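Only the coordinates and a few stated rules stand behind these numbers; no lab work does. Keep in mind that what you see is a predicted model, and the values were worked out from it rather than measured. Heads up, the Cβs are rebuilt from the backbone with ideal geometry, glycines too, and the neighbour counts pull from every protein chain shown.
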Amino acid sequence: MPTLEMEVIDSIIAFSKLYGKKSIVHISRKRDAIEVLKIGASGLAHIWYDEPVTEQELIDLMKNNSFFVVPTLSCIDEFYKIQSKNYNKAKTLQEQVYNDLALLKKFKIPVLIGTDSPNFNLNYGSDIYSEMELLMEAGFTLEETLNASSKLSAQCFGLKNL
């Protein structure tokens, strides 16, 4: 999959900080997530799904940067359906993502709601409810899920007076 060189991403993140803007980076691999968070990305669009994250990796990332994750579980769920003919493999990957979300929750790293529409024909409206259902399936409470789709999202994006 085409991607930007890390030097370019580093420059974009540096300029976003200079101008007081958020930098949200699309990722799919854990090593890319770790790298962009180390250089100061504000948040991640998607959660990695190639390998599990460790508690120590999250602790190390939290030392220098506060960040949020928009896991786009609906998008990942559709990806599993298309990419994996093997149900057991797809289920294992889903469990891994859910375990990583549990670690984010444990360390109080904000997890926000988002679908990454229009990928996989996800729409901007009603698919947000599927995303919320998937977050609850991953172990978040109703209150945490509603917060992830409203107040917490506003806080992470610096929106005031909502």
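Note that the range 26-36 has calculated 3J(HN,Hα) couplings of 6, 9, 9, 10, 4, 4, 5, 4, 4, 5, 6 Hz, one per residue in order, obtained from phi through the Karplus relation 6.51 cos²θ - 1.76 cosθ + 1.60 (θ = phi - 60°); glycine and proline are x. Projecting label points 7 angstrom from Cα along Cα→Cβ for HIS26 and GLU5 puts them 2.1 nm apart. For the chain, pairs of C-alpha atoms spaced more than 25 angstrom apart make up 29 percent of the total.
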